[in-house]
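A.B. asks: One structure is given below, represented as structure tokens, and several questions about it will come after.
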Amino acid sequence: MNADGLPRGATSAPGAYVHVPFCAHRCTYCSFVALEGREEEKDFFEGVEREIRSSGREATGGGVPAIRAFDSVYFGGGTPSYVEAARLGRLLGTLEEIFGLSSDVEITAEANPDDLGSEKLSDLLALGVNRLSVGVQSLVDAELVPLERRHDAGAARRAVTDAVRTFGNVSADLMIGIPGQSRRSLLASVDGLVSRGISHLSVYLLELEKAPRLVSLKRERPELFPGDDEMADRWEAVDERLTAAGLPRYELSNWARPGFESRHNLKYWTLTPVLGFGVGAHSYDGRRRYANTGMLAEYLKRIRAGVSPRASEEEETGDSLRRKEGLMLGLRLSSGVPSSTFEEIRKDLSPDSATRMEGAFLAGLLEEDSGRVRLTRRGVLLSNEVFSLLV
């Protein structure tokens, strides 16, 4: 825990998220707002700059204090590394002009291995990016094929090696449950990335409901897909391997060397304000959540007309609901939540949910230690069962 009582790596300052929707190719598992090609790149970035300027320092409104300097900026996608780096740089300049950036701001850009030649790495570093998140997914060529990734394993190894040499602070993504993957091949990918000096690793389960193009493959070749128990066993194997390598888990799907936790992503799990810009971007201003339209044509139309691109907005929630949301998000973190916070929220539960929550302790899904409540290792694997008690 840090001096503010937040999990290690977290801060109370707000963050900014910029969604860059352009990709060279849409992968089979992608469910994000993404467009193939860069046909409207110029118009889009001009639109995002207008959106930032129109937000201004009173962006939050409704009695919520104005957003102060961002201490994290995250370029997500899509594939930010696919577009001209200078365009990202101009948006950084606008964010600094309108909102301000802290002197130690964490600036992350997601990247595809294919894009990370020496020139692109130098350009990203020069504009201020100090943390790179590389979408690897696997270091086995046969596993990249059904995902329709642009790169092969060799390109990913070279890109990560060069990125670590250039930035030092590099995160990578891997996926569990790829068709044809084995536990051994998954751990080989983990070892291959750790040996190249990454400081952070995100490991996600392949969700078939978000990958309709793989559903037919599962019907034809079910033997290529692991069952739920095997997926859980693989997660545990990854956790053991990374912990032993000096990258302990700090969130359900994220591991990092101490001091290299993602400052930006911790904001989502600690209910810290994040303002989102760009098509499909989501925001939380400390009281309300809102989301921009996910249609690029509509986004540009609204921006040009001087109209807000927001497509949805949630009203302020009551204190009870906000506390429950904070508990659910806090339990995602390995540090858990203060016992006093947990007890306060338990009073808001229905008698049935309170009884079942007590059962979660007896079943070894939750534990209390040193004044904090957290998910056990088994509880992480069954976290949805615990979270369902808070809905």
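All of the numbers you see were taken from the coordinates with simple rules; none came from a lab. Fair warning: this is a prediction, and the values are worked out from it, not measured in the lab. Positions of Cβ are backbone-derived with ideal geometry, glycine not excepted, and every protein chain shown enters the neighbour counts.
A.B. asks: Among the lysines, which have Cα under 24 Å from the Cα of Lys218 when same-chain residues fewer than 8 positions away are ignored?
C.D. replies: Reachable lysines: Lys210.
A.B. asks: From Cα pairs below 8 angstrom and at least 6 apart in sequence, can you work out the relative contact order of the chain, rounded to a whole percent?
C.D. replies: Computed value for the chain: 16 percent relative contact order.
A.B. asks: A follow-up question, please. Roughly what % antiparallel, to the nearest 5, for the DSSP beta bridges in the chain?
C.D. replies: Here the antiparallel bridges make up roughly 40 percent for the chain.
A.B. asks: Points 7 angstrom from Cα along the Cβ direction at Ser383 and Arg289: gap in nanometres?
C.D. replies: So the label points at Ser383 and Arg289 sit 1.5 nm apart.
A.B. asks: Here's something else I'd like to know. If the cut-off is a Cα-Cα distance under 23 Å, which lysines reach Lys267, setting aside same-chain residues fewer than 8 apart in sequence?
C.D. replies: Within the straight-line limit of under 23 Å, Lys267 reaches these lysines: Lys324.
A.B. asks: Could you list the residues of the range 138-165 with an amide nitrogen less than 20 Å from a label point located 7 Å from the Cα of Ser185 in the Cα-to-C-beta direction?
C.D. replies: 138-158
A.B. asks: Another question about this same structure. Which ordering of Arg196, Arg356, Arg165, Arg184 is given by a fewest-first count of other beta-carbon atoms within 10 Å?
C.D. replies: Fewest-to-most ranking of Arg196, Arg356, Arg165, Arg184: Arg184, Arg165, Arg356, Arg196.
A.B. asks: Let me ask something else. Once you place label points 7 Å from the Cα toward the Cβ at Arg68 and Ala24, how far apart are they in nm?
C.D. replies: Those two pseudo-labels are separated by 4.3 nm.
A.B. asks: Among Leu95, Phe225, Ser195, pick out the residue whose Cα is farthest towards the positive end of the charge dipole of the range 15-269, where Lys and Arg carry +1 and Asp and Glu carry -1 on C-beta, about the Cα centre.
C.D. replies: The listed residue farthest towards the positive side: Ser195.
A.B. asks: If the cut-off is 28 Å between C-alpha atoms, which lysines fall inside it for Lys301, apart from same-chain ones fewer than 8 positions away?
C.D. replies: The qualifying lysines are Lys42.
A.B. asks: Given R₀ = 30 Å, what would the calculated FRET efficiency be for Ala354 paired with Asp229, taking r from the Cβ atoms and rounding to 0.05?
C.D. replies: Using R0 = 30 Å, I get an efficiency of 0.50.
A.B. asks: What ranking, highest mean first, results for peptides 248-258, 372-382, 337-347 when packing means the other Cβ atoms within 10 Å averaged over each residue? Numbers along the way, then the final one.
C.D. replies: Values: 248-258: 20.0, 372-382: 18.5, 337-347: 14.9.
Sorting 248-258, 372-382, 337-347 by mean packing, highest first, produces 248-258, 372-382, 337-347.
A.B. asks: Still on this structure, please answer the following. Between Arg346 and Phe361, how many nm apart are label points set 7 Å from Cα along the C-beta direction?
C.D. replies: Placing both labels 7 Å along Cα→Cβ, they lie 0.4 nm apart.
A.B. asks: So what's the back-of-envelope 222 nm ellipticity for the chain, counting only DSSP H runs of four-plus at -39500 (n - 2.57) apiece and dividing by all residues, rounded to 500?
C.D. replies: Taken over the chain, the calculation gives -12000 deg cm²/dmol.
A.B. asks: Under 15 Å from a label point 7 Å along Cα→Cβ of Ala86: give me every residue in the range 164-183 with its amide N that close.
C.D. replies: none
A.B. asks: Answer with one residue from Ser138, Thr108, Met357: the one whose Cα lies farthest towards the positive end of the charge dipole of the chain, charges on Cβ with Lys, Arg +1 and Asp, Glu -1.
C.D. replies: Thr108
A.B. asks: Next up: At a Förster radius of 22 Å, what calculated FRET efficiency corresponds to the Cβ-Cβ distance of Leu329 and Glu236, to the nearest 0.05?
C.D. replies: The computed FRET efficiency comes out at 0.45.
A.B. asks: Taking Rg/Rh (Cα atoms, Kirkwood Rh) as the quantity of interest, determine which of (1) 1.06; (2) 0.96; (3) 0.98 was computed from the displayed structure.
C.D. replies: Computing Rg/Rh (Cα atoms, Kirkwood Rh) and matching it to (1) 1.06; (2) 0.96; (3) 0.98 gives (2).
A.B. asks: Quick check for me: using +1 on Lys/Arg Cβ and -1 on Asp/Glu Cβ, what's the dipole size of the chain about its Cα centre, in debye to the nearest 20?
C.D. replies: 240
A.B. asks: What whole number of Å gives the distance from the Cα centroid of the range 256-281 to the Cα centroid of the range 284-347?
C.D. replies: That distance is 13 Å.
A.B. asks: Given a Förster distance of 22 Å, report the FRET efficiency between Val215 and Glu298 from their Cβ-Cβ distance, rounded to the nearest 0.05.
C.D. replies: The computed FRET efficiency comes out at 0.15.
A.B. asks: Dipole of the range 238-335, Cα-centred, from +1 at each Lys and Arg C-beta and -1 at each Asp and Glu C-beta, to the nearest 20 debye?
C.D. replies: With Lys and Arg at +1 and Asp and Glu at -1, about 220 debye.
A.B. asks: Ranking request for peptides 213-220, 297-304, 81-88: highest mean number of other beta-carbon atoms within 10 Å first, then the rest in descending order.
C.D. replies: 81-88, 297-304, 213-220
A.B. asks: Continuing with this model, one more query. How long are the three semi-axes of the equivalent ellipsoid for the range 319-390, computed from the Cα gyration tensor as the root of 5 times each eigenvalue, in whole Å, largest first?
C.D. replies: Result for the range 319-390: semi-axes of 16, 14, 11 Å.
A.B. asks: Determine, for each peptide in 199-205, 33-39, 13-19, the mean count of other beta carbons within 10 angstrom over its residues, then list the peptides with the highest first.
C.D. replies: Numbers: 199-205: 20.1, 33-39: 15.0, 13-19: 23.7.
Output ranking for 199-205, 33-39, 13-19: 13-19, 199-205, 33-39.
A.B. asks: Next question. Pull out a ≥ b ≥ c, the square roots of the eigenvalues of the alpha-carbon gyration tensor of the range 148-201, then state rounded if a/c is under 1.5, prolate if not and a/b is larger than b/c, and oblate in the remaining case.
C.D. replies: prolate
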